[in-house]
Structures are given as C-alpha cells and as structure tokens.
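In what follows, a single structure is set out as structure tokens and then discussed.
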Amino acid sequence: MEKFTRLTAAACPLDVANLNTDQLLPARYLKWPRSAGLGKVLLQDLRIDSEGRERPDFPLNRPVWRGAKIIVGGRNFACGSSREAAVYALYDYGIRCVIAPSFGDIFFGNAVQNGLLTAVVDDAAVAEIIATLNGTPDMPITVDLEQQTVLCGNRSYRFAIDPACRLRLLNGWDDIALTESFRDKVVAFKKEDAGRRAWARPVLTK
Amino acid sequence: MTQKQTLFDKLWAAHEVVRREDGEALLWVDRHYVHEGSFHAFSRLAERGAAVAEPDLTFAVADHYVPTRAPRKNIANPELARMVRQLEDNTATHRIKLFGLDDPRQGIVHVVGPEQGLTLPGLLIVCGDSHTSTHGALGAYAFGIGASEVAHVLMTQTIWQRKPKRMRISIDGQIAPGVAAKDIILAVIAKIGAGGATSHAIEFAGSAIRALSIEGRLTLCNMSIEAGARCGMIAPDAKTFDYVKERPAALKGPAFEQAVDAWSKLTSDEGADFDREVALDARHIVPHVTWGTSPEHALPVVATVPDPMKEPDPARANDLRDALGYMGLHAGTKLTDIAIDRVFIGSCTNARIEDLRAAAAVLAGRVSKVPGLVSPGSSAVKRQAEQEGLDRIFRDAGLEWGESGCSMCVGINGDIVAPGERCASTTNRNFRGRQGPGARTHLMSPAMVAAAAVTGHLADVRPLLASRKP
Ligand code: SF4
C-alpha cells in the first residue's frame with residue numbers, strides 16, 4: 001500500500017448527499033478483476049448517458065476536473081454496499097483523497113486499507129470549499145495528513161481522522177503484518193474461548 | 001460495582017483479543033460467510049500463498065450471481081458460470097464448506113445463515129456484504145466488511161475494529177394489522193436519515209420489537225445498514241431460543257441448555273448508557289413506501305410526493321429535485337396514484353417464508369395487473385412454499401415463480417428492471433440503477449408489493465386485507 005503524506009492537486013466537487021457505492025461502481029462491473037481497469041468505469045452511470053455519451057455537466061467530465069486527485073463530496077459519502085471495488089475504482093481513476101462531512105462506515109474502512117484518505121470536515125467547511133472550487137475550478141488544493149489540514153485558497157480547514165487510520169496511511173501499513181505480531185494472543189484467546197463458549201463452534205460440518 | 005453494560009458492550013467484550021492504546025481492538029470472528037463476490041479476497045490469499053486460518057468457521061454460499069429464472073445446472077451465461085465456478089474452486093482449495101447450486105441448503109447468505117442454525121446469539125459474524133447486519137436479529141454482533149478485511153479474516157480469523165457508539169431504538173406499543181417489520185424500519189430510516197446511525201451499533205428494543213417474529217426481526221436488522229449503522233441487533237429471548245433449537249445445525253441436549261444459559265445474559269443491563277436514544281410509537285406506524293432514490297425517501301403510503309420548494313435547506317431541496325427527476329415524479333402527486341410496471345418479491349430483506357405467506361395472502365384469488373418475479377430467499381424456503389401451495393397462488397396471479405438468489409435485488413445475475421420501468425420491490429435499496437440502469441425502485445413490504453400488483457399502482461394494503469374478512 002502506498003503511503004499518504006501530503007497532496008496538492010485539482011479537486012472536483014461532487015455535491016451530492018448519500019452518493020452510494022452502487023453509483024461509484026455499478027454492480028455490473030463487480031465481476032471485473034481489478035486488472036480490467038475499474039478506474040475507467042468510475043461513476044459510469046452518472047458520467048455517461050444511456051446513449052453512451054459523456055454528460056458534459058457532470059463535474060468529473062469537465063476538462064478542468066478530469067485529472068482531479070481529490071473529490072469533495074456530500075454527507076454520507078459512499079454509503080450502502082460494502083463493495084471494496086468502489087475504492088479500487090476511485091483509486092485507479094487517480095483519486096487519492098475524498099473530503100466530505102461524513103462517510104459510509106464500511107467504505108471508510110475499505111479506503112484506509114487501500115491508501116485512500118477520507119478526510120472529514122464539517123458541513124459548513126465542505127460548502128465553502130465547494131463554493132471556492134466552483135468559483136476557481138483550476139485552483140489546486142492541498143491536503144496534509146500530518147497536519148490534518150485542507151488548504152483551499154487562503155483558508156485552512158482542519159479535518160478529523162481516526163488516529164489509527166492516520167498512522168496506517170502515513171506509513172502505508174498493512175493489517176496482516178500487524179495482526180501477525182499478536183499471533184500468541186490470538187492462539188491464547190482461541191484456547192480460552194473454546195472452554196468459555198463451547199457453544200460457539202458450529203455443529204454443521206458436512 | 002461492575003459497570004452496567006449494553007448488549008453490544010457484552011458482545012464486544014466477549015470477542016476482544018487485543019485492545020490497543022489508540023482505541024482499536026482485535027476481535028475474534030466466530031463465523032465468516034463468503035460468496036461469489038469474495039473473489040478479490042481469495043486472490044489476495046493466492047498472491048501471498050496464504051492459507052485460511054479456520055476453514056471450519058467459514059461458510060460459502062452461491063447467491064449473487066446465480067440464475068433465478070434460467071436453468072441452473074449448466075449456466076448459459078459464461079460470465080455468471082465463471083463467477084460460480086470461481087467460488088467452487090476457491091472453497092475447494094481452502095476446504096471451506098460451500099452451499100453451492102446443487103446443495104438443497106443454497107440460498108441468499110443472510111437467509112441461509114440463520115435458517116441453517118449457523119447464526120446464533122452471542123456470535124461475532126462477518127461477511128463481505130453490507131447486509132450482514134441481518135444476523136443481529138438473533139442477538140449476534142454481525143457486520144459487513146470489505147475485500148481487504150475479508151482477506152484478513154480468512155488469514156487470521158480476527159478483525160480490527162474501533163468500538164462503535166451505541167444507539168438504542170425503542171419501539172413500543174402494538175403494531176396495527178397490515179403493518180410489517182418493513183414498515184417499521186422504513187419509518188425509522190425516514191426519521192433518522194440514511195446516515196442517521198453512522199458509526200453506531202443499533203439495538204432495537206421495546207414491546208413492538210419483542211412482539212415481532214424472528215423473521216420480522218431479521219427484516220428489521222437487515223436494513224440497519226440503510227440507516228448507516230455498523231450493525232443492528234435485538235436481545236435474544238425465548239422466541240430466539242425456540243427458533244435456534246429447530247435449526248438443522250442446532251446444539252442438542254445439555255449443550256443447548258448451557259448455550260441458552262449463556263445467551264439469556266445477553267441483554268442490556270437496566271440503566272446501561274447509550275450514546276443515543278430514539279423512540280417511536282408503534283401505534284403511529286402505517287404502511288410505508290419509498291418514492292425516491294434513498295431509503296430515507298420513505299413516506300406513509302397515504303402521503304403525497306414531497307415538494308422541494310417546501311424544503312428550507314437548499315442542499316436537501318436539490319437532493320429531492322434530483323430524486324424526483326430520476327424517478328419521473330412530480331411534487332404533490334398522491335403516492336397511490338403512481339402506476340407501476342412490475343413487481344419483485346425477493347432478497348435477504350423479505351423473501352423468507354412469512355414474507356411469501358404475507359404476499360400470497362393478498363394475492364390469493366386475485367390477478368396481478370403487471371408482470372413480476374417471486375424469488376424465494378433460499379431453496380429451503382422454496383420447498384416450504386411449494387408444500388404450502390404458495391407457488392400456485394403466485395403463478396395463478398400471473399407472477400413468475402423463480403429460484404433462490406439475490407436476483408432482481410441487485411440485478412447482477414441478469415434479472416433486471418428495464419430502463420425507465422417502475423418496480424414495486426421488497427428489497428432494501430432504491431438507489432439509482434440498483435435494479436438495472438435507469439430502473440426506478442419503490443421499496444415496501446411483501447404485502448404492499450402484492451397490493452401494488454393487484455391494483456397496478458402503489459396502494460395501501462389495509463383495505464385489501466380488510467375485504468378478506470368474512
Ligand atoms: S439479496 Fe440483495 S441485499 Fe441481500 S445480499 Fe443479495 S444483493 Fe445484497
């Protein structure tokens with residue numbers, strides 16, 4: 001997993017509440033392996049109309065935001081389905097950070113596993129950032145994970161992130177290695193638990 | 001004095017292997033359910049040459065990609081066939097029990113787990129699917145995870161979590177006839193919003209919840225995720241124990257008695273603290289339908305389509321306008337004037353036997369004005385329904401009687417709602433394009449879908465039920 005420290009890049013506003021992961025990656029692409037290039041079908045049904053033409057009014061289709069690495073979204077961003085491929089689609093498109101007032105919990109967890117930063121700023125700040133971007137679309141913004149700040153124009157906003165997630169992203173850590181370091185504890189737990197909760201083992205084996 | 005604990009606190013404490021200073025804990029996983037969509041995780045294992053730590057605690061079901069209205073022996077569509085084969089290969093490699101297409105226990109993972117007795121009170125259950133919250137209905141701590149986490153659980157049988165906040169939703173009072181668990185949960189989501197329970201573990205409590213059948217409770221917990229919750233749960237009670245006792249994988253004799261002793265302690269202590277409390281009066285809940293593109297767009301069926309002009313918050317007004325545009329609706333239209341093109345009865349929310357009975361009770365002796373598909377939640381539900389003659393009622397009404405799987409809930413097996421078509425559906429997500437590109441979904445209970453079928457438009461089921469009484 002790639003580390004995330006600081007990023008200055010074009011930011012695309014997607015001012016939609018409850019933008020769910022079915023929208024980020026429609027179900028018909030779920031069978032694609034990641035190597036098929038999920039980035040090209042990110043937000044497919046919002047970006048492309050039923051005749052296969054790009055919708056010119058969709059923010060990510062505007063030339064100035066096409067190469068954005070940051071998305072500024074609405075409340076409850078990426079709620080719904082647990083499909084981690086929604087994160088793959090964002091990441092493979094080139095997005096490295098999503099700023100929003102709140103995120104779907106499962107997406108939030110999936111993002112950090114893949115080096116995608118989810119920065120939580122309050123509603124008012126998101127509204128301001130989006131207004132600034134609409135006024136000056138080509139102005140890059142800077143996200144600094146060490147400082148936990150978003151710099152947009154002459155304003156700086158502090159963002160919240162779970163401390164453990166922050167460390168994972170800053171270091172590019174992988175959970176498996178971390179868990180392996182607790183192997184003894186897991187083995188001990190399993191042994192004790194088998195005595196304590198014998199009923200928890202499944203009976204059905206065939 | 002020991003601290004008073006909520007049900008969730010107790011479940012959490014029983015699974016904590018390690019607690020780190022930063023607040024994250026490593027939790028032991030009792031059951032891990034996988035399905036065709038878990039292939040990313042299996043690839044991760046293959047890349048590392050890793051083994052599955054506890055194959056005996058892992059169960060697989062073919063559900064998302066299986067045909068539900070076409071032959072299942074030799075799947076004609078090569079992509080669907082590949083997805084099912086991939087699951088067969090991965091589970092064979094890692095010696096994981098698979099309820100495959102030829103297994104009489106096959107069905108939707110969240111129907112099969114409780115039905116087979118694999119889901120029990122007190123367990124921590126994960127699955128790479130957001131509706132894993134369903135299993136909390138039996139008093140389990142159950143939540144959906146992503147592919148990286150699935151790979152982690154496969155390799156270690158544990159998962160890192162930060163403890164969610166605790167929220168209690170109390171629903172007291174008697175539910176009126178014609179009102180179902182689906183109406184309760186739609187009313188809850190309409191009240192707190194699609195993100196209303198984000199970062200929270202919900203416990204549903206109160207007399208109306210205790211009065212619900214286990215199947216109704218499964219419906220309720222299933223849709224906790226649509227309120228943004230990490231999980232939903234209900235304290236196990238005598239009904240739960242009776243249900244569990246009759247399952248194929250039930251513990252027997254003294255082992256079962258011991259389990260019941262332990263499970264009986266799984267209740268929130270009197271006076272335990274919740275981070276948030278919400279209360280609803282069951283007597284005020286009426287049949288609900290959704291009109292828009294988020295489950296929070298739910299209203300009593302007797303209401304009218306909302307007017308964005310009356311919404312003071314501009315962002316929300318925009319949201320309503322977008323939803324109306326996509327759904328092809330106008331503010332002020334009576335919900336019962338909305339004509340539908342088809343119906344779907346199925347999914348992990350509402351395709352258990354009671355759901356099919358509720359729909360059949362309305363459809364019996366009547367004809368559907370629109371085409372539709374009934375897809376039972378599991379192969380066992382299908383057999384049971386056929387024994388009871390419910391399949392005949394559906395067929396006689398003009399609906400298609402299909403096989404078990406996720407089917408038109410998500411449409412990835414090819415059973416989709418055509419672009420622009422309006423579907424009355426017992427599923428859980430009315431997202432844009434959920435049932436197929438351009439599809440318009442209205443969520444409601446099985447009885448309400450049946451009412452929509454026989455009238456050809458969204459309809460209040462209550463008069464249709466009342467006219468049944470002698
Ligand atoms: S029935 Fe629908 S919601 Fe349930 S697991 Fe299948 S796709 Fe998901």
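Scan the stretch B:123-140 and tell me whether some residue there is away from every other protein chain (no Cβ under 11 Å) and more than 19 Å from B:Ala249 (Cβ to Cβ).
Within the stretch B:123-140, not a single residue is away from every other protein chain (no Cβ under 11 Å) and more than 19 Å from B:Ala249 (Cβ to Cβ).
So which residues in the stretch B:39-82 are closer than 27 Å to B:Gly117 by Cβ and open to solvent by less than 10 Å² (accessible area, probe 1.4 Å), if there are any at all?
B:Ala41, B:Phe42, B:Leu57, B:Thr58, B:Phe59, B:Ala60, B:Val61, B:Ala62, B:Asp63, B:Tyr65, B:Val66, B:Thr68
What residue, among those in the stretch B:203-245 that are within 16 Å of the ligand (Cβ to nearest atom) and of a type in the set (Ser, Thr, Tyr), is nearest to the other protein chains (Cβ to nearest Cβ)?
Filtering first and then ranking leaves B:Ser224.
Just one of (1) among the aliphatic types (A, V, I, L, M); (2) more than 16 Å from the ligand (Cβ to nearest atom); (3) within 25 Å of B:Ile175 (Cα to Cα) trips up B:Ala194, so point out which.
(2)
From A:Arg62, A:Arg55, grab the single residue that is open to solvent by 40 Å² or more (accessible area, probe 1.4 Å), in contact with a strand residue (DSSP E or B) (Cβ under 9 Å, 6 or more places away or on another chain) and touching a residue at least 12 places away in the same chain (Cβ under 8 Å). Before the answer, list the steps.
Details: A:Arg55 fails: touching a residue at least 12 places away in the same chain (Cβ under 8 Å).
Checking each option against the conditions leaves just A:Arg62.
So which residues in the stretch B:107-148 are more than 18 Å from B:Met223 (Cα to Cα) and within 12 Å of the ligand (Cβ to nearest atom), if there are any at all?
B:Gly107
Show the residue pairs that are 6+ apart or on different chains and have beta-carbon atoms under 6 Å apart, the first residue being within the stretch B:280-295 and touching a residue at least 40 places away in the same chain (Cβ under 8 Å), the second being basic (Lys, Arg).
Between residues of the stretch B:280-295 that are touching a residue at least 40 places away in the same chain (Cβ under 8 Å) and residues that are basic (Lys, Arg), the close pairs are B:Thr293/B:Arg432.
Please specify each residue of the stretch A:177-195 satisfying the condition of being facing chain B (nearest Cβ under 8 Å) and of a type in the set (Lys, Arg).
A:Lys185, A:Lys190, listed by residue number.
Please enumerate the residues belonging to the stretch A:108-162 that are out of contact with any Ser or Thr (no Cβ under 8 Å at 6 or more places or on another chain), under 27 Å from A:Arg34 (Cα atoms) and open to solvent by 10 Å² or more (accessible area, probe 1.4 Å).
A:Gly109
I'd like the full set of residues that are open to solvent by 10 Å² or more (accessible area, probe 1.4 Å) and within 12 Å of chain B (Cβ to nearest Cβ), limited to the stretch A:92-102. Step through it out loud before you land on a result.
Filtering the stretch A:92-102 for residues open to solvent by 10 Å² or more (accessible area, probe 1.4 Å) gives A:92-94, A:96, A:101-102.
Once the filter is applied, which keeps residues that are open to solvent by 10 Å² or more (accessible area, probe 1.4 Å) and within 12 Å of chain B (Cβ to nearest Cβ), the stretch A:92-102 yields A:Pro101, A:Ser102.
Answer yes or no: is there a residue in the stretch B:333-342 that is buried (at least 17 other Cβ atoms within 10 Å of the Cβ) and within 16 Å of the ligand (Cβ to nearest atom). Talk me through it step by step, then tell me what you get.
So in the stretch B:333-342, the residues buried (at least 17 other Cβ atoms within 10 Å of the Cβ) come out as B:335-336, B:338, B:340-342.
Next, from what is left, pick out any that are within 16 Å of the ligand (Cβ to nearest atom): none.
No: the stretch B:333-342 contains no residue that is buried (at least 17 other Cβ atoms within 10 Å of the Cβ) and within 16 Å of the ligand (Cβ to nearest atom).
Out of all the residues in the stretch A:17-53, which are assigned to a loop (DSSP other than H, G, I, E, B), more than 26 Å from B:Gly193 (Cα to Cα) and within 7 Å of chain B (Cβ to nearest Cβ)?
A:Leu30, A:Lys31, A:Ser50 - these are the residues of the stretch A:17-53 that are assigned to a loop (DSSP other than H, G, I, E, B), more than 26 Å from B:Gly193 (Cα to Cα) and within 7 Å of chain B (Cβ to nearest Cβ).
Which one of these does B:Ser170 not meet: (1) part of a strand (DSSP E or B); (2) within 15 Å of the ligand (Cβ to nearest atom); (3) not aromatic (Phe, Trp, Tyr)?
Unmet for B:Ser170, out of (1) part of a strand (DSSP E or B); (2) within 15 Å of the ligand (Cβ to nearest atom); (3) not aromatic (Phe, Trp, Tyr): (2).
Residue by residue through the stretch B:184-215, note down the ones that are open to solvent by less than 10 Å² (accessible area, probe 1.4 Å) and either assigned by TED's automatic domain parsing to the domain that holds B:Pro446 or outside any loop (DSSP other than H, G, I, E, B) (or both).
Those that are open to solvent by less than 10 Å² (accessible area, probe 1.4 Å) and either assigned by TED's automatic domain parsing to the domain that holds B:Pro446 or outside any loop (DSSP other than H, G, I, E, B) (or both): B:Ile184, B:Ile185, B:Leu186, B:Val188, B:Ile189, B:Ala201, B:Ile202, B:Phe204, B:Ala208, B:Ile209.
When residues of the stretch B:7-38 are filtered for being free of Cβ contacts under 8 Å to residues at least 60 places away in the same chain and surrounded by 19 or more Cβ atoms within 10 Å (Cβ to Cβ), how many remain?
Within the stretch B:7-38, the first condition is being free of Cβ contacts under 8 Å to residues at least 60 places away in the same chain, and the residues that meet it are B:13, B:16, B:18-22, B:36.
Those still in the list that are surrounded by 19 or more Cβ atoms within 10 Å (Cβ to Cβ) too: B:36.
So the answer is 1.
Quick check on A:Asp174: is it within 21 Å of A:Lys3 (Cα to Cα), open to solvent by 30 Å² or more (accessible area, probe 1.4 Å), within 10 Å of another protein chain (Cβ to nearest Cβ) and not small (Gly, Ala, Ser)?
Details: within 21 Å of A:Lys3 (Cα to Cα): yes; open to solvent by 30 Å² or more (accessible area, probe 1.4 Å): yes; within 10 Å of another protein chain (Cβ to nearest Cβ): yes; not small (Gly, Ala, Ser): yes.
Judged against the criteria, A:Asp174 is a match.
In the stretch B:418-431, what count of residues is obtained for those that are more than 16 Å from the ligand (Cβ to nearest atom) and not in a strand (DSSP E or B)?
4
Among the strands (runs of 3 or more DSSP E) lying completely within the stretch A:118-159, list those that include at least 3 residues that are farther than 25 Å from B:Asp313 by Cα and touching a Lys or Arg at 6+ places or on another chain (Cβ under 9 Å).
Numbers: elements: A:141-144, A:149-152, A:155-158.
Filter on the stretch A:118-159 gives A:141-144.
Only residues that are away from the ligand (no atom under 16 Å from the Cβ) and either among the hydrophobic types (A, V, I, L, M, F, W, C) or closer than 20 Å to B:Arg217 by Cα (or both): list them for the stretch B:360-379, please.
At the first step, the residues of the stretch B:360-379 found to be away from the ligand (no atom under 16 Å from the Cβ) are B:360-372.
B:Ala360, B:Ala361, B:Val362, B:Leu363, B:Ala364, B:Val367, B:Val370 - these are the residues of the stretch B:360-379 that are away from the ligand (no atom under 16 Å from the Cβ) and either among the hydrophobic types (A, V, I, L, M, F, W, C) or closer than 20 Å to B:Arg217 by Cα (or both).
Among the residues of the stretch B:31-50, which ones are over 20 Å from the mean Cα position of the chain (by Cα) and either under 28 Å from B:Arg162 (Cβ atoms) or within 16 Å of the ligand (Cβ to nearest atom) (or both)?
B:Phe39, B:His40, B:Ala41, B:Phe42, B:Ser43, B:Arg44, B:Leu45, B:Glu47, B:Arg48, B:Ala50
Quick check on this structure: which one of A:Ala164, A:Ala124 is more than 20 Å from the chain's Cα centre (by Cα) and either free of Cβ contacts under 8 Å to residues at least 60 places away in the same chain or within 13 Å of chain B (Cβ to nearest Cβ) (or both)?
Being more than 20 Å from the chain's Cα centre (by Cα) and either free of Cβ contacts under 8 Å to residues at least 60 places away in the same chain or within 13 Å of chain B (Cβ to nearest Cβ) (or both) holds for just one of A:Ala164, A:Ala124, which is A:Ala124.
If B:Ile412 passes every condition in (1) open to solvent by less than 40 Å² (accessible area, probe 1.4 Å); (2) more than 10 Å from the ligand (Cβ to nearest atom); (3) under 23 Å from A:Arg47 (Cα atoms) but one, which one does it miss?
B:Ile412 satisfies every listed condition except (2).
Among the helices (runs of 4 or more DSSP H) contained in the stretch A:56-117, which hold 2 or more residues that are among the polar types (S, T, N, Q)? Reasoning before the result, please.
Details: elements: A:63-66, A:85-93, A:105-113.
Passing ranges, in order: A:105-113.
When you look at B:Val34, is it modelled with pLDDT of 95 or more, in contact with a strand residue (DSSP E or B) (Cβ under 7 Å, 6 or more places away or on another chain), more than 11 Å from every other protein chain (Cβ to nearest Cβ) and on the phi < 0 side of the Ramachandran plot, yes or no? Steps first, answer last, please.
Values: modelled with pLDDT of 95 or more: yes; in contact with a strand residue (DSSP E or B) (Cβ under 7 Å, 6 or more places away or on another chain): yes; more than 11 Å from every other protein chain (Cβ to nearest Cβ): yes; on the phi < 0 side of the Ramachandran plot: yes.
It is true that B:Val34 is modelled with pLDDT of 95 or more, in contact with a strand residue (DSSP E or B) (Cβ under 7 Å, 6 or more places away or on another chain), more than 11 Å from every other protein chain (Cβ to nearest Cβ) and on the phi < 0 side of the Ramachandran plot.
The values are calculated or read from the model by the stated rules, or taken from the named source; none is laboratory data. Remember, it's a predicted structure, so these values are computed and weren't measured experimentally. As a convention, Cβ positions derive from the backbone with ideal geometry for all residues, glycine included, and neighbour counts pool all protein chains shown. Remember, those area values only see protein heavy atoms, side chains included, never the ligands or the DNA or RNA. Shrake-Rupley method; radii C 1.70, N 1.55, O 1.52, S 1.80 Å.
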